[in-house]
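Enquirer: A single structure is presented below for examination.
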Amino acid sequence: MVTDGLGNPLRFLLSSGNRNDICLAREILEPFALTGKLILADKGYDSDKFVRWIKERGGIPVIPSRNSARQPRETDWHTYNCLLYTSDAADDK
């Protein structure tokens, strides 16, 4: 699901339950102009190929590296923590 900064849904795609979300990441973002936009996602979207694609389209990826990453990316944790307040995780608190 793609949301705006307030958590309002902008687009979503349905897929089978046994498919990783990263498989649809580019497809769901394709219609949007990413230039200058922060793209927040969790570690499940940690893919050098996906991060490069975001940057090539002018977006600013805020995606933490997996714990097992050989070369972890720097993450703006202040910005990333905003993801918690625009997701279902905020309902759990």
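The values are calculated or read from the model by the stated rules, or taken from the named source; none is laboratory data. These numbers come from a predicted model, not from an experiment. Glycine also receives a Cβ, built like all others from the backbone with ideal geometry; neighbour counts cover every protein chain displayed. We work out accessible area using only protein heavy atoms, side chains counted, and drop any ligands, DNA or RNA first. Shrake-Rupley method; radii C 1.70, N 1.55, O 1.52, S 1.80 Å.
Enquirer: How large a share of the accessible area of the chain, in percent, is made up of carbon and sulfur atoms when the probe is 1.4 Å and the other protein chains stay in place?
Expert: 49
Enquirer: Continuing with the same structure: What residues from segment 1-42 fall in the zone where the backbone N is under 20 Å from a label point 7 Å along the Cα-to-C-beta line of ASN67?
Expert: Within reach of a label on ASN67, which here means backbone N under 20 Å from a point 7 Å along Cα→Cβ, segment 1-42 contributes 41-42.
Enquirer: Right, another one. Relative contact order for the chain: what is it in percent, counting Cα pairs under 8 Å that are at least 6 residues apart?
Expert: In percent, rounded to a whole number, it is 22.
Enquirer: Does the chain come out rounded, prolate or oblate by the C-alpha gyration tensor, with a ≥ b ≥ c the root eigenvalues, rounded set by a/c under 1.5 and, if not, prolate when a/b is larger than b/c and oblate if not?
Expert: rounded
Enquirer: In deg cm²/dmol and to the nearest 500, what is the mean residue ellipticity at 222 nm of the chain if only DSSP H runs of at least 4 residues count, each as -39500 (n - 2.57), divided by the residue total?
Expert: For the chain, the value works out to -4500 deg cm²/dmol.
Enquirer: Considering only the other residues whose Cβ falls under 12 Å of the Cβ of THR75, what net charge follows from Lys and Arg at +1 and Asp and Glu at -1?
Expert: -1
Enquirer: Can you work out the FRET efficiency for the pair THR75 and LEU13, with r the C-beta to C-beta distance and R0 = 25 Å, to the nearest 0.05?
Expert: 0.45
Enquirer: Calculate, for the chain, the solvent-accessible area per residue in square angstrom, rolling a 1.4 angstrom probe over the heavy atoms of the protein chains.
Expert: So the chain comes to 74 Å² accessible per residue, rounded to a whole number.
Enquirer: Right, another one. Provide the solvent-accessible area of ARG26, counting protein heavy atoms only and rolling a 1.4 Å probe, rounded to the nearest 10 Å².
Expert: Roughly 100 Å² of ARG26 is accessible to a 1.4 Å probe.
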